[in-house]
1. What nm value, rounded to one decimal, do you get for the distance between residue 80 and residue 100 when each label is placed 7 Å out toward the C-beta?
2. Using a simple spin-label model with points 7 Å from Cα along the Cα→Cβ vector, what separation in nm is obtained for residue 115 and residue 51?
3. Through the Karplus equation 6.51 cos²θ - 1.76 cosθ + 1.60, θ set to phi - 60°, convert the phi angles of segment 65-74 into ³J(HN,Hα) values in whole Hz; use x for Gly and Pro.
4. Can you compute the modelled spin-label distance between residue 35 and residue 87, with each label point 7 Å from Cα toward Cβ, in nm?
5. Taking H placed 1.01 Å from N in the peptide plane, check which residues at least 5 places from residue 12 or on another chain put their amide H under 5 Å from its amide H.
6. May I ask you to evaluate 6.51 cos²θ - 1.76 cosθ + 1.60, the Karplus curve with θ = phi - 60°, for each residue of segment 93-105 and list the ³J(HN,Hα) values in order in whole Hz, giving x for glycine and proline?
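Computed from the coordinates by the stated procedures, all read-outs in this text should not be read as laboratory data. Keep in mind that this is a model prediction, so the values were computed, not measured. Here Cβ is always computed from backbone atoms with ideal geometry, including for glycine, and neighbour counts include all displayed protein chains.
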Amino acid sequence: MTAHATENDQVIPPMPERTPKALRAAIAEHTPELLPDFDEHWKSAVADAYNVGPVPAFTARWWCEYAIARDPKLDARVTELQHRAAEATDIAEAKALVDEVAKIRYGMRKLEPGE
């Protein structure tokens, strides 16, 4: 896996293997601001579970979180859309903004390790 550069020569780290352990290592290295939330979510959703049922949903959520956070330009775009949606006074505008964020997040699910 190698990092790739954007059109602005900004280096974006590659996606890790699709496992909680690999995601945690990538988050710790490239987006450490997410680590406390990742660890807290792991403890509350998975660590005390008696089965591994919650792991796929946990991994899917954090896969998308990391995919967005590793790209500062995309992260800023998502944050801007969320703020605009929160401040919108027109319900149709707010819905359109939230839908745009959802499409971005959904698209991140398609990324493969190494991309």
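1. Between residue 80 and residue 100, the simple spin-label model gives 0.8 nm.
2. According to this spin-label approximation, the distance is 3.1 nm.
3. Each residue of segment 65-74 in turn: 4, 5, 4, 6, 5, 6, 10, x, 5, 5 Hz.
4. So the two model labels end up 3.3 nm from each other.
5. 4, 5, 6
6. Each residue's phi maps through the Karplus curve to give 5, 4, 4, 4, 5, 5, 4, 5, 4, 4, 5, 4, 4 Hz.
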